[in-house]
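The values are calculated or read from the model by the stated rules, or taken from the named source; none is laboratory data. Worth saying up front: this structure is predicted, and the values here are computed from it rather than measured. All Cβ positions, even for glycine, are placed from backbone atoms using ideal geometry, and neighbour counts span all protein chains on display.
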Amino acid sequence: MSRIVMMAASLGLAVGVYFSGTMAARAEADSLMEDFGDILIMYHMYSASDGKTYIEEMPVPAARTPFDLMTYFNREVQKVTIGYWPDGEENTWHYAGHKNLLIYLQGTQILTTGDGKEYHLKPGMVALAEDWTGLGHTNVCVAKTGKKVCMLIQVTVDDLDRELPLRPPPGK
């Protein structure tokens, strides 16, 4: 009888540890996107006809799947990469090699576009990089957390549509 009690106690402890770990992971995940709702704001990087990269806010409405999962993005992809930059890491002027969906998990990526504007992309924010020509953009990692890295998930969605003529810059 004591062996059964010990096994039950061990199972209870294991289940408790599992659920407390799951709750901690869930709490962290909830804090990434605490302000999201039916519409996700995506930051869209694109090349314009003046040779500069611009960023526009793109609202992405959620859609319900047959299993009642609300989704913002549901399509096949080419590749998924999970990576990071150390605090202070800078990337000079470059542009996207593919159509990339960037999901920021930790730290702040400061993107600078050809028009000199800075965008601070933080955990829970999403960017779609489609700038493929011209000056491009720069980025620097600012990570003041204990981990001191900027972590993201890069989803390579597709090859870039290299269509000409490019769209005009904003306001023109």
> How about the stretch 97-149: which strands (runs of 3 or more DSSP E) wholly inside it have at least 3 residues that are touching a strand residue (DSSP E or B) at 6+ places or on another chain (Cβ under 6 Å) and buried (at least 17 other Cβ atoms within 10 Å of the Cβ)?
Replying inline: 99-106, 108-113, 126-130, 137-142
>> Among the numbered criteria (1) in contact with an Asp or Glu (Cβ under 9 Å, 6 or more places away or on another chain); (2) of a type in the set (K, R); (3) surrounded by 12 or more Cβ atoms within 10 Å (Cβ to Cβ), which one does K172 miss?
In response: (3)
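Does E89 satisfy the criteria of being more than 14 Å from the chain's Cα centre (by Cα) and either surrounded by 11 or more Cβ atoms within 10 Å (Cβ to Cβ) or within 20 Å of Y46 (Cα to Cα) (or both)?
Criteria met by E89.
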> Only one residue in L101, L128, L69, L105 is in contact with a His (Cβ under 6 Å, 6 or more places away or on another chain) and at negative phi, so which one is that?
Replying inline: L128
> Which members of the stretch 62-87 meet the condition of being in contact (Cβ under 8 Å) with a residue 12 or more places away in the chain and not in a strand (DSSP E or B)?
Replying inline: A62, Y72, F73, R75, V77, Q78, D87
>> Being within 15 Å of the chain's Cα centre (by Cα), under 16 Å from K99 (Cβ atoms) and charged (D, E, K, R) is the filter here; which residues of the stretch 114-172 pass it?
In response: E130
> Restricting to the stretch 47-104, what's the tally of residues that are of a type in the set (F, W, Y) and either touching a Ser or Thr at 6+ places or on another chain (Cβ under 8 Å) or within 16 Å of E130 (Cβ to Cβ) (or both)?
Replying inline: 4
> Given (1) surrounded by 12 or more Cβ atoms within 10 Å (Cβ to Cβ); (2) at pLDDT 95 or above, where does L40 come up short, assuming only one miss?
Replying inline: (2)
